[in-house]
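Here's the structure we're looking at; comments come further down.
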Amino acid sequence: FYDFNDATNAAQANDLSGNARHGTVEGGAVFTATAGGRTGLAGDRAMNFPNIGSNRVRVASAATGALDSITSADAVSVSAWIFGDATQPQEDSLFYGDGTTGGTGTRVLHAHTPWSDSVVYWDCGGFNAGQRISISVPDATKWKGRWNHYAFTKGNGALQIWLNGALLTTSTSAPGIGLLRSLHLGSAPWGQYGGKVDDFAVWNRALTAAEIGGLALGASPLNLLGFSSS
């Protein structure tokens, strides 16, 4: 779980889950000033990703198996607040998890919020294996110019996308999430996310509707049990 509030080390996003899986801040990604986070309160920061160059928060420990419990559980949830900038929608990705350390293999966990076609996509278990759901979100205020909460889940035989506590779309899902050997926030091989991200969290289970609703109302991910990855 990264809340991005501690900018003491500009090259590190501290993991607050207790697992010490700190993120490495690379390229042009930078902490916002205080009050730049989704609450707008003093002390609340976010991570800003310019939609140029190479910018990301890299979870280095993925390469040594830190995320393997997601695979064994065949379940995952990814939650984040996003504030897309004026470059959106673009051919970029909010986060990208891959089965190779270099991030050039099969996408295992991945989301466009949205792609250039104003469609939100969620890939889990391998895009190449057909584990994808998507939904058109033509209202740009749902992904840029203001804070919105997104959650992406897999579990109990379903893939789901949630926006601001409401279920956008759901689909049945075949078993299987491949091993993750890299996880990047704000970057994918085809493009850099443009905008701010706050309170990024990952679990090795599918969150419930009530839990997702609570997060969308401002609850901290630390209030939820079952942290496994970051």
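Does ASP74 qualify as being of a type in the set (Asp, Glu) and farther than 22 Å from ARG146 by Cα? Against the criterion (of a type in the set (Asp, Glu) and farther than 22 Å from ARG146 by Cα), ASP74 qualifies.
The set of residues in segment 1-13 that are under 18 Å from the mean Cα position of the chain (by Cα) and open to solvent by less than 40 Å² (accessible area, probe 1.4 Å) comprises PHE1, TYR2, ASP3, PHE4, ALA13. The one condition from (1) part of a loop (DSSP other than H, G, I, E, B); (2) open to solvent by 30 Å² or more (accessible area, probe 1.4 Å); (3) over 16 Å from VAL202 (Cβ atoms) that GLY18 does not meet is (3). The residues of segment 130-156 that are among the charged types (D, E, K, R), surrounded by fewer than 19 Cβ atoms within 10 Å (Cβ to Cβ) and assigned to a strand (DSSP E or B) amount to a single one, ARG132. Evaluation of ASP117 against the conditions (1) under 17 Å from the mean Cα position of the chain (by Cα); (2) within 20 Å of THR169 (Cα to Cα); (3) of a type outside the set (A, V, I, L, M) shows that the sole unmet condition is (1).
Count of segment 185-216 residues, restricted to those that are of a type in the set (Ser, Thr, Tyr) and under 12 Å from the mean Cα position of the chain (by Cα), is 2. Of all the numbered requirements in (1) hydroxyl-bearing (Ser, Thr, Tyr); (2) crowded, with 24+ Cβ neighbours inside 10 Å; (3) modelled with pLDDT under 95, THR113 misses one, and that requirement is (3). Filtering segment 184-195 for residues that are outside any strand (DSSP E or B), modelled with pLDDT under 95, under 17 Å from GLN90 (Cβ atoms) and open to solvent by 40 Å² or more (accessible area, probe 1.4 Å) leaves a non-empty set. For segment 162-174, taking the residues that are touching a helix residue (DSSP H, G or I) at 6+ places or on another chain (Cβ under 9 Å) and at pLDDT 95 or above, the one that is surrounded by the fewest Cβ atoms within 10 Å (Cβ to Cβ) is identified as ALA166. Selection over segment 21-35 of residues that are surrounded by fewer than 21 Cβ atoms within 10 Å (Cβ to Cβ) and small (Gly, Ala, Ser) gives a count of 4. The set of residues in segment 36-81 being in contact with a Ser or Thr (Cβ under 8 Å, 6 or more places away or on another chain), open to solvent by 50 Å² or more (accessible area, probe 1.4 Å), touching a residue at least 24 places away in the same chain (Cβ under 8 Å) and part of a loop (DSSP other than H, G, I, E, B) consists of ARG45, SER54. Among LEU217, LEU159, which is in contact with a Ser or Thr (Cβ under 7 Å, 6 or more places away or on another chain), among the aliphatic types (A, V, I, L, M) and either open to solvent by less than 10 Å² (accessible area, probe 1.4 Å) or touching a residue at least 40 places away in the same chain (Cβ under 8 Å) (or both)? Among LEU217, LEU159, only LEU159 is in contact with a Ser or Thr (Cβ under 7 Å, 6 or more places away or on another chain), among the aliphatic types (A, V, I, L, M) and either open to solvent by less than 10 Å² (accessible area, probe 1.4 Å) or touching a residue at least 40 places away in the same chain (Cβ under 8 Å) (or both).
The values are calculated or read from the model by the stated rules, or taken from the named source; none is laboratory data. Keep in mind the model is a prediction, meaning the values are calculated, not measured. Here the Cβ is made from the backbone with ideal geometry for all residues, glycine too, and neighbour counts use every protein chain on show. Side chains are part of the model used for accessible areas, which takes the heavy atoms of the whole protein and leaves out ligands, DNA and RNA. Shrake-Rupley method; radii C 1.70, N 1.55, O 1.52, S 1.80 Å.
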